[in-house]
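The values are calculated or read from the model by the stated rules, or taken from the named source; none is laboratory data. What you are looking at is a predicted structure, and each value in this text was computed from that prediction instead of being measured. When we count neighbours, we look across all protein chains shown, and the Cβ atoms used for this are built from the backbone with ideal geometry, even at glycine.
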Amino acid sequence: MRYIYILISLIVFSGSLIAMSSSENEQSSIAKVIQYKGKNDSLIKQIRIYLNRSEPDHSIPMLFEIINNGNTNTDTLILSKILLSEAYRQKREYKKGEEILLSVLKESDISNYNQAYALNRLASIYNEGNLTSGSKYDTVLKCSELSISISDKYGFDNLKYLSFNEVGYVYKRQGDTIKSRYFLEQAYQGFIEQKAYANAITTAINLSDIYSRIGNNSKAKLILEEAIKMGNPDKQKNLYLRLHLQKAQLYKADGEFELAYEQLSRSRKLQQSFYGDRINRQINEMSALYDLQQKEAQIKESEHQNKIHRQKQVFFIIAITILLIILIILVFVFRLRRKYLIQKRELIKSENENLKKDLEFKNKELTLSTMNMIRHSEFVSSLVPDLKALYKLDSNNRKQSILNIVRGISMHNKTELWEDFYKSFSEVNNSFNSNLMDKHPDLSSKERRLCALLKLDMSTKDIASISHTSIRGLETARHRLRKKLKLTGDVNLSNYLQGF
């Protein structure tokens with residue numbers, strides 16, 4: 001029970017740790033989202049400033065940073081794409097801007113604000129670029145009307161005034177000064193109320209042109225003077241060069257050429273400064289891009305060389321490994337062959353020794369056979385005189401002589417057989433006789449011969465037959481031998497003699 005309680009406690013503790021870890025991960029994710037939201041909001045604010053100054057090259061990298069960030073929420077992501085289209089519009093890359101906005105408007109979860117803003121920026125692109133197959137003015141008006149409708153419904157006044165400016169610009173280009181002035185004046189007043197001065201200056205330029213067209217140059221100049229006081233010429237050079245250019249046209253129309261020249265000079269200075277800055281910035285960006293490409297090329301070349309070097313190292317290692325394997329195999333084969341040759345040499349040596357022993361044994365047998373033949377011949381020769389003498393004896397004495405001759409032949413054969421057997425036995429069991437005599441030196445020659453036969457594990461009957469002795473006489477001899485060997489009744493005589 002104690003172990004079960006400990007196990008349950010560990011499971012509960014582990015579950016708590018997992019829950020705490022999950023909670024911490026969730027809190028960490030939320031914190032990251034909040035952190036990125038704050039950072040994105042700051043970037044969006046700075047991007048708007050750059051776009052108001054007509055500095056799209058500064059804003060584009062920042063917009064891509066937001067768009068490529070996986071933690072950006074949907075609204076901010078769509079807004080960033082709309083602002084990116086505006087940057088492309090300012091760079092006069094209208095097709096890119098149009099593609100982005102058309103893609104954004106297809107989003108199912110687009111907010112009402114972003115939808116109205118995207119429609120307004122699409123109208124602006126169509127106002128400047130020639131992208132539509134039909135009447136671009138109709139397309140601009142349609143997009144603007146939809147944007148105004150959404151803005152009125154949800155209270156997006158800033159977007160409504162932007163759309164008023166686009167509609168006023170369309171009517172201006174169509175020559176409808178009444179409608180153009182109506183929408184431009186509403187946009188102008190609305191921007192001033194919202195303190196959107198950059199937008200107000202842009203609208204003021206268009207509105208001044210309308211008053212100039214209807215012959216009210218004084219009103220046109222007054223609007224431009226008001227606009228000049230709204231911004232900062234050092235930070236909004238693009239707008240102020242247009243303001244001074246518009247004033248120069250008004251002064252020229254009134255015959256005030258000196259004032260017109262002064263305004264034109266200011267406009268050109270701002271133009272040179274603004275576009276000079278942009279050109280220098282683009283040159284610096286191109287230079288930085290070139291340096292980056294050079295560095296990337298160097299890095300790629302270095303990586304390529306490193307890859308080749310690594311491949312060479314791998315090839316070298318593989319080659320060395322293969323050579324080592326081949327060397328090991330050769331050494332292994334050499335050792336096997338050497339071992340085989342040694343074994344073969346030993347086998348040949350052993351066979352030669354066996355053949356030598358067999359040859360020696362055969363020679364001994366041959367020598368023994370020859371000696372036996374010689375002894376038989378000598379023995380037969382020794383019988384000749386006896387047989388001649390036997391021929392001269394009478395019948396009684398002849399019988400006794402024959403018995404003597406037969407007994408002599410039998411004794412000769414018996415002695416000769418035992419000598420041959422014992423000699424052969426001693427050659428095979430060369431240590432038996434010496435070991436037996438060392439332990440039992442009092443044994444007779446007959447007893448040693450009996451021990452040799454028992455060593456061969458021969459039966460009593462066979463031993464009696466070979467030794468020309470009766471079975472009873474042999475058993476008596478075995479009994480006497482046991483006494484001399486001092487063996488107890490539980491010791492087998494034949495087994496005892498196997499140990500010698």
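Summed over the range 218-275, residues that are within 15 Å of Asn52 (Cβ to Cβ), of a type in the set (Phe, Trp, Tyr) and surrounded by fewer than 20 Cβ atoms within 10 Å (Cβ to Cβ) total 1.
Is there a residue being at pLDDT 80 or above, surrounded by 10 or more Cβ atoms within 10 Å (Cβ to Cβ), over 30 Å from Leu224 (Cβ atoms) and not charged (D, E, K, R) anywhere in the range 292-303?
Initially, the range 292-303 is screened for residues at pLDDT 80 or above, giving 300-303.
From what is left, the residues that are surrounded by 10 or more Cβ atoms within 10 Å (Cβ to Cβ) are 300-303.
Narrowing the set further to residues that are over 30 Å from Leu224 (Cβ atoms) leaves 300-303.
Going one step further and asking which of them are not charged (D, E, K, R), we end up with 302.
Looking for residues that are at pLDDT 80 or above, surrounded by 10 or more Cβ atoms within 10 Å (Cβ to Cβ), over 30 Å from Leu224 (Cβ atoms) and not charged (D, E, K, R), one finds at least one in the range 292-303, hence yes.
Of all residues in the range 138-187, those satisfying the criterion of being within 20 Å of Ala200 (Cα to Cα) and aromatic (Phe, Trp, Tyr) are Phe156, Tyr161, Phe164, Tyr169, Tyr171, Tyr182, Phe183. Scoring Lys195 on the criteria (1) more than 23 Å from Asn127 (Cβ to Cβ); (2) part of a helix (DSSP H, G or I); (3) modelled with pLDDT of 90 or more; (4) among the basic types (Lys, Arg) leaves a single failure, condition (2). Considering the range 133-147, and only residues there that are of a type in the set (Ser, Thr, Tyr) and over 58 Å from the mean Cα position of the chain (by Cα), the residue that is surrounded by the most Cβ atoms within 10 Å (Cβ to Cβ) turns out to be Tyr137.
Could you go through the range 46-66 and let me know if any residue there is loosely packed, with under 13 Cβ neighbours inside 10 Å and under 42 Å from the mean Cα position of the chain (by Cα). Scanning the range 46-66, I find at least one residue that is loosely packed, with under 13 Cβ neighbours inside 10 Å and under 42 Å from the mean Cα position of the chain (by Cα), so the answer is yes. Within the range 108-124, does at least one residue satisfy the condition of being over 44 Å from the mean Cα position of the chain (by Cα), in the same structural domain as Gly168 (by TED's automatic domain parsing) and not in a helix (DSSP H, G or I)? Checked the range 108-124: at least one residue is over 44 Å from the mean Cα position of the chain (by Cα), in the same structural domain as Gly168 (by TED's automatic domain parsing) and not in a helix (DSSP H, G or I). Take Gln189 and tell me if it is out of contact with any helix residue (DSSP H, G or I) (no Cβ under 8 Å at 6 or more places or on another chain) and surrounded by fewer than 16 Cβ atoms within 10 Å (Cβ to Cβ). In short, yes. Restricting Ile210, Ile150 to those that are surrounded by 18 or more Cβ atoms within 10 Å (Cβ to Cβ) and within 29 Å of Lys237 (Cβ to Cβ) reduces the list to Ile210.
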